[in-house]
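Every number in this text was worked out from the coordinates using simple rules, so none of it is lab data. For clarity, every value in this text was computed on a predicted model and none was experimentally measured. Positions of Cβ are generated from backbone atoms using ideal geometry, with glycine treated the same way; all protein chains shown enter the neighbour counts.
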Amino acid sequence: MTDSYVVNVDAAVYRLRDGDPEYLLIERGADEDHAAGTMGLPGGTMETSPDDPADLGGAGAIESTLRRELREEVAVEVGEVVVVTSGVFALDTGEPCLNVVCLAEHEAGDPYPAAPDEVAAVDWYTLDRVAGDDGDEADMPGFTRGYVEAAEAARTTDP
C-alpha cells in the first residue's frame with residue numbers, strides 16, 4: 001500500500017469569446033518530469049509551506065494551490081474556483097499522483113509562459129481545437145481532452 005501521494009491541481013481556465021468558450025492550455029516544458037512537451041492544463045503540485053497555512057492542507061488548500069500556480073506559470077488571475085473531477089495516475093517516476101481538476105473563469109492577465117522552464121507556450125483553445133476537429137496537430141494527451149470536456153460539462157450545468 002502506498003503511504004503518500006503527490007497532490008496536483010490543474011486549472012481549466014476559460015473565457016467566452018463571442019459567446020463561445022475557449023480554454024487556456026499550455027505546452028509543458030521539455031524538462032518537465034511528467035508529460036514533457038505535451039499540451040495540458042496549467043497547474044502544479046500542492047506544496048507544504050509554513051508561510052501559507054492553506055498549503056498545509058487547511059481550508060482552501062486546492063484553491064490556494066491553483067491560484068499560486070496560475071500566477072507563477074501563466075500570470076493570470078481567475079474568479080470562482082470549482083472542483084470538477086479528480087483521479088489518480090502514476091508520474092513518469094512511478095510515484096502516485098492525486099490530480100484535482102478545477103474550473104475557473106479568466107479574470108485578469110494576458111497569459112504568457114511566466115515560468116519558461118515549466119511552460120514552453122500558452123494558447124486559448126476552442127472546443128473544436130481541443131477535440132482535434134480543426135486539423136491542429138498539437139500533441140494533446142487524451143486525459144487533457146477529457147479534463148476539458150469535464151470542465152465544459154460542469155460549466156454548462158445549472159447548479
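Figures for the structure shown
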item: DSSP-defined antiparallel bridges as percent of all bridges, the chain, nearest 5; result: 75
item: Max mean-square fluctuation residue, GNM over the chain, Cα-Cα springs under 10 Å, options Gly44, Gly19, Gly132; result: Gly19
item: Top of Asp92, Asp18, Asp33 by mean-square fluctuation, Gaussian network on the chain, Cα under 10 Å; result: Asp18
item: Radius ratio Rg over Rh of region 6-155, counting only Cα atoms, Kirkwood formula for Rh; result: 0.94
item: Table column - 3J(HN,Hα) (Hz), region 15-32, Karplus curve with 6.51, -1.76, 1.60, x for Gly and Pro; result: 9, 9, 10, 6, x, 9, x, 10, 10, 7, 10, 10, 9, 5, x, 5, 9, 5
item: Using a Förster distance of 22 Å, the FRET efficiency for Ala153-Ala35 (Cβ separation, nearest 0.05); result: 0.45
item: Amide proton proximity set for Val119, modelled H, under 5 Å, gap of 5+; result: Gly29
item: Degrees, to the nearest 10: 142-155 long Cα axis against longest axis of the chain; result: 80
item: Relative contact order %, the chain, counting alpha carbon pairs below 8 Å whose residues are six or more apart; result: 30
item: Sum of -39500 (n - 2.57) over DSSP H runs of 4+, divided by residues of the chain (222 nm, nearest 500); result: -6500 deg cm²/dmol
item: Distance between modelled label sites at Asp117 and Leu91, nm, 7 Å Cα→Cβ extension; result: 1.5
item: Using alpha-carbon coordinates, inclination of helix 61-74 to the longest axis of the chain, degrees; result: 60
